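Below: one structure, written as structure tokens.
The values are calculated or read from the model by the stated rules, or taken from the named source; none is laboratory data. Keep in mind it's a predicted model, so treat the numbers as computed, not measured. All Cβ positions, glycine included, derive from the backbone under ideal geometry; neighbour counts span all protein chains shown. Surface accessibility is based on the protein's heavy atoms, side chains included, excluding ligands, DNA and RNA. Shrake-Rupley method; radii C 1.70, N 1.55, O 1.52, S 1.80 Å.
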Amino acid sequence: MTASTERSEKPRRHSREDWLETALAVLIDSGIEDVQITRLATRMEVTRGSFYWHFTDRTDLVDALIDAWRNHNTGVMVDALESAETLTEGILRLFSVWVDHGQFNPKLDQAMRDWARRSEEVHTIIVEEDDRRIETIAQFFRRFGYQDPEAFIRARVIYFTQVSYYALEIREPMDRRMSFLTAYFRCFTGQEMDEAAAQDYRKRMAEEWS
């Protein structure tokens with residue numbers, strides 16, 4: 001059966017988002033090599049024709065995977081910082097994004113980095129996106145009076161610290177992590193954190209993670 005014939009089939013109940021979510025799950029679980037149309041169709045219990053209703057070919061799907069990662073994981077960081085009205089608010093929002101895997105998906109980020117080790121094209125995309133994330137944080141620091149190169153270096157320190165946290169698969173209880181909150185803030189910003197804000201944040205995190 002040709003692709004054009006398959007595209008002519010009536011649409012299945014599975015949407016483009018269903019295919020994309022399944023492909024993202026496979027990417028995370030077993031890598032880009034297993035993101036194959038037939039394997040996805042088998043996993044979803046549909047025919048290949050359903051795929052061609054939503055995507056032109058596998059390359060189209062792969063491009064959509066990259067866009068989904070970029071829009072999700074970078075987008076939440078940009079949104080968190082752009083609307084922050086104070087330094088403390090922005091840093092705490094960034095922390096919230098990174099600890100809430102419903103917002104920032106570390107497994108997806110690591111899957112993309114694994115993919116980049118085997119693809120120069122994806123490696124280039126990863127570098128560009130890392131640069132974009134760092135520049136977003138640096139711009140945030142500049143907005144609150146930090147000058148370059150300090151704004152840029154602080155952005156790199158806070159971002160690379162978090163990326164390393166994921167890469168090393170560090171696991172620690174949330175209460176222990178929160179006990180370091182003011183020390184982290186001092187290290188990343190060079191300023192003392194308002195203790196009332198710290199207590200409010202710890203309380204909110206305890207409620208969300210209880």
Just the residues that are free of Cβ contacts under 8 Å to residues at least 40 places away in the same chain, open to solvent by 30 Å² or more (accessible area, probe 1.4 Å) and not in a helix (DSSP H, G or I), please, taken from the stretch 139-150.
G145, Q147, D148, P149
Those residues of the stretch 180-195 that are surrounded by fewer than 12 Cβ atoms within 10 Å (Cβ to Cβ) and at pLDDT 90 or above come to a total of 4
Per the list (1) of a type in the set (G, A, S); (2) in a helix (DSSP H, G or I); (3) under 26 Å from D63 (Cα atoms), residue check on A183 breaks on (3)
Candidate set from the stretch 74-125 (those that are polar (S, T, N, Q) and assigned to a loop (DSSP other than H, G, I, E, B)); member that is nearest to V62 (Cα to Cα)
S119
Condition test on R58, is it at pLDDT 95 or above and of a type in the set (K, R)?
yes
Please work out if R93 is within 21 Å of F160 (Cβ to Cβ), surrounded by 14 or more Cβ atoms within 10 Å (Cβ to Cβ) and without any contact (Cβ under 8 Å) to a residue 60 or more places away in the chain.
yes
When R177 is evaluated against the numbered criteria (1) touching a residue at least 12 places away in the same chain (Cβ under 8 Å); (2) surrounded by fewer than 13 Cβ atoms within 10 Å (Cβ to Cβ); (3) of a type in the set (D, E, K, R); (4) farther than 19 Å from D67 by Cα, which criterion, by number, is the only one it fails?
(2)
Hey, any hits in the stretch 137-152 for a residue that's more than 18 Å from D79 (Cα to Cα), of a type in the set (G, A, S) and in contact with a Phe, Trp or Tyr (Cβ under 9 Å, 6 or more places away or on another chain)?
yes
Which condition does D131 not pass, out of (1) charged (D, E, K, R); (2) open to solvent by 80 Å² or more (accessible area, probe 1.4 Å); (3) at pLDDT below 95, if it passes all the others?
(3)
What pairs can you find where one residue is in the stretch 151-174 and under 19 Å from E135 (Cβ atoms), the other is of a type in the set (G, A, S) and open to solvent by less than 80 Å² (accessible area, probe 1.4 Å), and their Cβ atoms are less than 6 Å apart, with a gap of 6+ or different chains?
A151/A138; F152/A138; A155/A138
What pairs come up if the first residue lies in the stretch 47-69 and is farther than 18 Å from R113 by Cβ, the second is not in a helix (DSSP H, G or I), and their beta carbons are under 6 Å apart, counting only those six or more places apart or on different chains?
G49/E9; S50/R12; S50/H14; W53/P11; L61/F55
